[in-house]
Amino acid sequence: MPVAGIDIGSLSTEVVILHEGKIAAAVILPTGASSKTAINRAMGQALLQSGFSLDALERIVATGYGRVSVPFAHEKVTEITCHGRGAHFLDPAVRTVIDIGGQDSKVICLNGQGKVVDFLMNEKCAAGTGRFLEVMCQALEVDLDDFSRLAGRTGKTVPISSMCTVFAESEVVSLIAEGYPREQIIRGIIDSIVERTELMANRIGIMGKLMMTGGVAKNQAVVQALQEKLGTKIEVPEEPQLVGALGAALLAQEEM
């Protein structure tokens, strides 16, 4: 029986359809200005990809900040639970998940069954999140691929003192005007993200194997710097943005 999980984030919307325990469809689209439009587009593409109709889906679980906007969801579950469940499915040995999404970041601790035993979440400020990276890339006039590549060109860094996204953007613009190389500014931005994440990880404590999920996990420079800072290897799934939607689909499957 096919089931689906939908993860509606501030920057992207993901849909995963499971059928007989296997992924029948997986879609990632920008959320844009309307979460409802993004939900319908993403689900439409997933249904086309899987060959199922919406009525054929036995159960749909929604997660993410926009989960209340899914009119056809049978249940709405927090992204903390879904990321934990998805990470456990991908690697049952994982005990800690660092999820850096579009507007918030989380450190989640799991038990051997993939259940959340503790978590810490930063949702008061977008600093250190996907939105923060997006704004910094715009200020530096580079795309995310170049951001990661340029970071590896230098070992030097220019510290970014502002933790607020708005003030950090102004600081970056000033550093560019002062003639600092983009590579060094990028290293400073990465350091600020890593330091913020390390603070959360140290407060909750890292248990066992560590996995990173969310869009920022695609940035190799951030992952590498965080590994060095935490002193442990970080596992990154093939498609880290899909972990929340996958977890939601798994919960839908289990409830059947």
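Any read-out appearing in this document is the output of simple, stated calculations on the displayed coordinates, not a laboratory observation. Values in this document were obtained by computation on a predicted structure and should not be read as measured data. Every residue, glycine among them, receives a Cβ derived from its backbone with ideal geometry; neighbour counts consider all protein chains shown.
Which trypsin sites (Lys or Arg not before Pro) from region 210-256 combine a DSSP loop assignment with at most 14 other Cβ atoms within 10 Å? Taking region 210-256 and a limit of 14 other Cβ atoms within 10 Å, the loop trypsin sites (Lys or Arg not before Pro) found are LYS233. In a DSSP loop and with at most 14 other Cβ atoms within 10 Å, the chymotrypsin sites (Phe, Trp or Tyr not before Pro) in region 58-158 are PHE72. Relative protection proxy for 4-12, 235-243, from highest mean packing down: 4-12, 235-243 (other beta-carbon atoms within 10 angstrom). Helix 35-50 and the longest principal axis of the Cα set of the chain meet at an angle near 60°. Cβ crowding within 10 Å, taken as a proxy for footprinting-reagent exposure, orders MET211, MET43, MET256 from fewest neighbours to most as MET256, MET43, MET211. Here is the link list: LYS36/LYS106; LYS156/LYS218; LYS22/LYS106; LYS115/LYS233; LYS36/LYS209. Which ones come out longer than 31 Å on Cα distance? With Cα atoms farther than 31 Å apart: LYS36/LYS209. Note on the chain: dipole from Cβ charges, positive end direction compared against GLY101, ASN111, MET212; the farthest Cα belongs to ASN111.
The 3J(HN,Hα) values that the Karplus relation (6.51, -1.76, 1.60; θ = phi - 60°) gives for region 132-149 are, in residue order, 4, 4, 4, 5, 5, 5, 5, 5, 8, 6, 9, 8, 5, 5, 5, 4, 5, 5 Hz. Gly and Pro appear as x. Helix 243-255 versus the longest principal axis of the chain: what angle, 0 to 90°, nearest 10, using Cα atoms? Value to nearest ten degrees: 20. Between GLY51, THR78, ALA62, the Cα set farthest toward the positive side of the dipole of region 49-130 (charges on each charged residue's Cβ, about the Cα centre) is that of THR78.
The chain gives an Rg/Rh value of 1.00, both radii derived from C-alpha positions and Rh following Kirkwood.
Can you tell me the order of 98-106, 138-146 when each peptide is scored by its average per-residue count of other Cβ atoms within 10 angstrom, highest first?
98-106, 138-146
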